[in-house]
Each structure stands twice: as C-alpha cells, then as structure tokens.
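Every number in this text was worked out from the coordinates using simple rules, so none of it is lab data. Source: prediction; values computed, not measured. Here Cβ is always computed from backbone atoms with ideal geometry, including for glycine, and neighbour counts include all displayed protein chains.
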Amino acid sequence: MKTEQDMLLTQLDRYWECFECGRVIDDPSLTKALETAGMGWGLGVPCPKCGSTVSKSKFPDERFRPLFEMIVECCQIERAILVLILAQIAFEGMLDNFLRRLLDRMNCPEDISLAITDEVRGINAKASFIKSLTGKDIKKMIRDVGFKDTLKQFETIRRKRNSFLHTAKGKEDLTRDDIIAALKFAYVTVDLYAALFSEHREWRPLVEPEDNSY
Ligand SMILES: [Zn+2]
C-alpha cells in the first residue's frame, strides 16, 4: 500500500493557488521556484498563467496536512473505518473551502462566510446553497471539470461507513480494498477541487465599490 500512501502526501506539495488570477496551478517548475524562494509566499515569483508576482499559497490549505497525514497513519494501522471517515471529512472540508471562496469573491466578509459554512451542514445543504449563490448544480460543476465518478465514490464511502457504524458487530466487511479505494478517493479529491477552484474563480461582488470619481 506504500505507493498510494506516498502518492496521497505528494498531493499536498503539488498545487499552488495564485492570489491574482485565482487559478490552482500544477506546474513543477513553479513549485520549485516557490520552494527556492522560501518564505514570503512566493512574492516575486511570476504566475505561469497570468504573470502576476503577487503571493501564492499552497493548495489545499496547510490546514489539511494533519488530516492527510492522519489518513496515512490510519492506513498503516489498517483502521479502515477511520480512513473512510477521514477521506469523507477531507472532501467535505474542501467543499466548505470552495463555498467560502465563492462567498469571498462576492466580497462577503470572512466572519460572515465562516458563520454561513458553520450553519450550512451536510453535503446536500451545501449543494443547494451553492446553487442559490451561483445558479449552478455542484454535481454538474464536478462533472464538467472531468470528475464524473467522484460523487459516486463519495456515496460509496458514505454507505460503507454508515453500514459499518450501524451494524452491531461493527465489522461490516471493510477490507483492504476499501482502504485503497478511500485513499484514491482522497487523492482525487485534491485534483477535483484544484480544477473546481480554477474553473470557478470569477469575482461577482454583491455590492459594487462606490464610485468616488466625482
Ligand atoms: Zn495567476
């Protein structure tokens, strides 16, 4: 299983998000330049897409690193149920971040967007909130960026997790294959959100800036 575990952790050092154009970029030479630049969030290193030298940040957010490391640790001790639950948390956490970025790009203050994402719980509630913000169906958005099976995988993990939790013995058929499938799902989750963030990055301010020209 070593390969899948290692691959999952490499996902955390692969993508950078440009604060200027909002794209999430997978470019080994950019990664190298940013790592060499060290501190300062890559200020001065041009974005290969828009050329801007403003700051960039790792994608997904560093806050996800402990979660992914925990997924790998739980694989090593073969706690399948924990791998499934953590993979699900990673998916939902990144969906929260996507939702928060949509709000951010509508100039929604951060404390309000945090309050909203805390209140809008569950994947269906989040999906319908995204629909009300953008007019778009998250399932279609996900399919359109090329991940047509990912939600099905999410459902499979959720179903297996529930059946494990709801059986008295608590060992409902979770196998090594389920661990591998959950690892791959977590891996693809990073690619999926990198694509979603890049595709849906337009600014749609709720309130236009005041015109101070007169
Ligand atoms: Zn850029």
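Assorted remarks:
- Above-threshold pairs, the threshold being 20 Å between Cα atoms, out of Lys32/Lys184; Lys148/Lys184; Lys160/Lys184; Lys152/Lys184: Lys32/Lys184
- Taking all Cα pairs closer than 8 Å and separated by 6 or more residues, the relative contact order of the chain comes to 27 percent.
- A protection proxy built from the mean count of other Cβ atoms within 10 Å ranks the segments 70-82, 133-145, most packed first, as 70-82, 133-145.
- Extended-chain gain in nm, criterion 0.36 nm per residue less alpha-carbon gap, Ser57 and Ala33: 7.3 nm
- Estimated FRET transfer efficiency (Glu20, Ala125; beta-carbon r; R0 22 Å; 0.05): 0.10
- Net charge, Ala33 excluded, C-beta distance under 11 Å - Lys, Arg +1, Asp, Glu -1: 0
- Fully extending the segment from Trp203 to Thr3, taken as 0.36 nm per residue of separation minus the present Cα-Cα distance, adds 68.1 nm.
- Computed about the Cα centre, the dipole magnitude for the chain is approximately 740 debye when only Lys and Arg (+1) and Asp and Glu (-1) carry charge, each at its Cβ.
- ³J(HN,Hα), Karplus 6.51/-1.76/1.60, whole Hz, each residue of the range 69-85, x for Gly, Pro: 5, 5, 4, 5, 4, 5, 5, 5, 9, 6, 8, 4, 4, 5, 4, 4, 5
- Alpha carbon centroid spacing (whole Å) that separates the range 57-103 from the range 6-50: 20
- Residues of type aspartates and glutamates that Lys56 reaches as a straight line, Cα spacing below 18 Å, ignoring anything fewer than 8 places off in the same chain: Asp13, Glu17, Glu20, Asp26, Asp27, Glu35, Asp104, Asp191, Glu199, Glu202
- Where the Cα pairs of the chain fall when distances are cut into 10 Å bins, in %: 8, 30, 34, 21, 6, 2, 0, 0
- Cysteine residues of the chain whose C-beta has no other cysteine C-beta under 4.7 angstrom: Cys74, Cys75, Cys108.
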